[in-house]
Amino acid sequence: MISSKRASKLVAGLLMVGVALAAPAAQAMNMIRDTEIEEIIRKEANPVLTASGLNADDVDFYLVADKELNAFVTGGQNIFIHTGLIQETENPNQLLGVIAHEAGHISGGHMIRSGDMNRAGMKPFLLTMGLGVLAAALGAPDAAGALIGSSQYFGALGALNYSRVQEAAADQAGVAALEKAGLSGRGLVEFFDNFRYQEVFSEAKRYQFFRSHPLSSERIEGLRRRVEAQPHYDQTDSAEAMAAHALMKAKLDAFLSPPQQIFIKYSEKDTSFPARYARTIAYYQATEPEKALKSLDALLAEQPNNPYLWELKGQILFESARAGDAEPAHRRSVELKPDAPLLRINLAQTLLAENTPEKTEQAIQELGKALTAEKDNAFAWRLLSEAFDSKGMPGQARLAAAEYHYAVGELREARVFAMRAREHLEKNTPDWRRATDIVLVSDPSDDDLKTIAREDRGPSPSN
């Protein structure tokens, strides 16, 4: 199931939420999560990240549900990949080439030194402005006007040149990392070459990736010469990697495109596993659960130990208001992949829907395990709040609600719920202290701070 780390709404198997970020692509994006797709990307990317001099465990990947072709890094070690970019790659090596390039930005500290780009643009801007002022002072108003009027142009040109230097450096770092990992850099060149025409488009018509990653024929040819000289240039993707890449693209297609498009693109004549997988999801998206289940059972007959097929079966049954039937499927997915927190969250959601004290307690246990692995999974915190509320545990319910709001960046709401949680929790317990911590890091009001200080001092001594 495709889902979201920061989720607010469940729609036909896809948990999505608009997340506000200071990113080059947009101020708000639909982030999605899917254990199967993340596993495919991680398996291929980790050797490249390590070869880039990074700790692979410290690098976070984020999938953006957007047909726009784009990838970028933000502060810290965060790599954002639009689903549109994945769909445009023809093989794993092309995707790894882009990831290696982005890792090159991280290892080169380009995000940390982003202020250098502004300074690179400011220098020619100020110089041109200064010359214009000097020309005016010397009695050459025409020259002064021309210089002052072009100052912004020269400033932009300076920034663009600096950006191109960073892009070239990321290219070279990416090629070096791919080679060190025993992989070819051919895919990176192929990917750029496929979009060589982008340089002739106006800024507004270019793909976002090539607006933030200036492309030129000289850059491509220079990169090609470097790549062709590497010992692993002729290294090709394994059959296993190619199959995983095809499956990933088919799954993204099926969840993010209208079902009718999927039935055309992956017709019945195509009997490959990715095509049948895509059609199964398309039946589900088209609200034809019986067709989806029949198709899915055929896939399970071939791969009975595939946790993601069981996950999908559980989701189809759950969305068909058959929580009792969905539970065994979700339990099987967790048995097969016990270290996947998203699968445990699916199971917990199903258990809560069965609405019995025993199932609710089991859901709390599953959510606890999931949150041990992913402490900032907002959807898990929201479910946990509902579970505690149904058990008549207001302190824990409000604390979980505070965690949810904190995870999605809603600090005011987080503070309010944390203060309410403290009223119901036993003082100085771990939960009480956690609620206090949330208050203190969520822009507390003066009244909140006074309340906390007064409670910390304890009751005033009686006379």
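The values are calculated or read from the model by the stated rules, or taken from the named source; none is laboratory data. Please read these numbers as outputs of a predicted model, since none were measured by experiment. Ideal geometry is used to build each Cβ from the backbone, glycine not excepted, and the neighbour counts take in all protein chains shown. These accessible areas exclude ligands, DNA and RNA; they are computed on the full protein's heavy atoms, side chains included. Shrake-Rupley method; radii C 1.70, N 1.55, O 1.52, S 1.80 Å.
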Quick one: in segment 406-415, which of the residues that are assigned to a loop (DSSP other than H, G, I, E, B) and touching a residue at least 12 places away in the same chain (Cβ under 8 Å) is nearest to the chain's Cα centre (by Cα)? VAL408
Every residue from segment 365-381 that is touching a residue at least 40 places away in the same chain (Cβ under 8 Å) and either charged (D, E, K, R) or closer than 17 Å to ASP431 by Cβ (or both): GLU374, ASP376
If you check every pair at least six apart or on different chains, which have Cβ atoms under 6 Å apart with a residue in segment 241-262 that is under 14 Å from PHE273 (Cα atoms) and without any contact (Cβ under 8 Å) to a residue 40 or more places away in the chain first and a residue that is open to solvent by 20 Å² or more (accessible area, probe 1.4 Å) and assigned to a helix (DSSP H, G or I) second? ALA246/PRO274; ALA250/PRO274
Whichever residue in segment 416-455 is outside any helix (DSSP H, G or I) and among the acidic types (Asp, Glu) and, among such residues, is nearest to MET31 (Cα to Cα): ASP443
Among the residues of segment 42-59, the number that are open to solvent by less than 60 Å² (accessible area, probe 1.4 Å) and either of a type in the set (A, V, I, L, M) or under 22 Å from ALA373 (Cα atoms) (or both) is 9
Flagged in segment 332-358 as surrounded by 19 or more Cβ atoms within 10 Å (Cβ to Cβ) and more than 19 Å from ASP34 (Cβ to Cβ), in numbering order, are LEU351, LEU352
How many residues, within segment 417-439, are more than 15 Å from SER385 (Cβ to Cβ) and either open to solvent by less than 20 Å² (accessible area, probe 1.4 Å) or more than 28 Å from the chain's Cα centre (by Cα) (or both)? 12
Go through segment 292-303 and give me each residue that's open to solvent by 60 Å² or more (accessible area, probe 1.4 Å), of a type outside the set (Gly, Ala, Ser) and outside any loop (DSSP other than H, G, I, E, B). LYS294, ASP297, GLU302
Say whether the condition of being over 30 Å from LEU293 (Cα atoms) and modelled with pLDDT under 80 is met by at least one residue in segment 232-247. no
Is it the case that GLU403 is in a helix (DSSP H, G or I), open to solvent by 20 Å² or more (accessible area, probe 1.4 Å) and either at negative phi or not acidic (Asp, Glu) (or both)? no
By residue number, the members of segment 344-364 that are touching a Leu at 6+ places or on another chain (Cβ under 9 Å) and among the polar types (S, T, N, Q) are GLN349, THR350, THR360, GLN362
Just the residues that are exposed (fewer than 15 other Cβ atoms within 10 Å of the Cβ) and in a helix (DSSP H, G or I), please, taken from segment 244-272. GLN260, GLN261, ILE264
Within the bounds of segment 275-290, is there any residue that is in contact with a Pro (Cβ under 6 Å, 6 or more places away or on another chain) and either touching a residue at least 60 places away in the same chain (Cβ under 8 Å) or not in a helix (DSSP H, G or I) (or both)? yes
Within segment 304-331, can you find the residues that are touching a Phe, Trp or Tyr at 6+ places or on another chain (Cβ under 8 Å) and either in a loop (DSSP other than H, G, I, E, B) or open to solvent by 40 Å² or more (accessible area, probe 1.4 Å) (or both)? GLU319
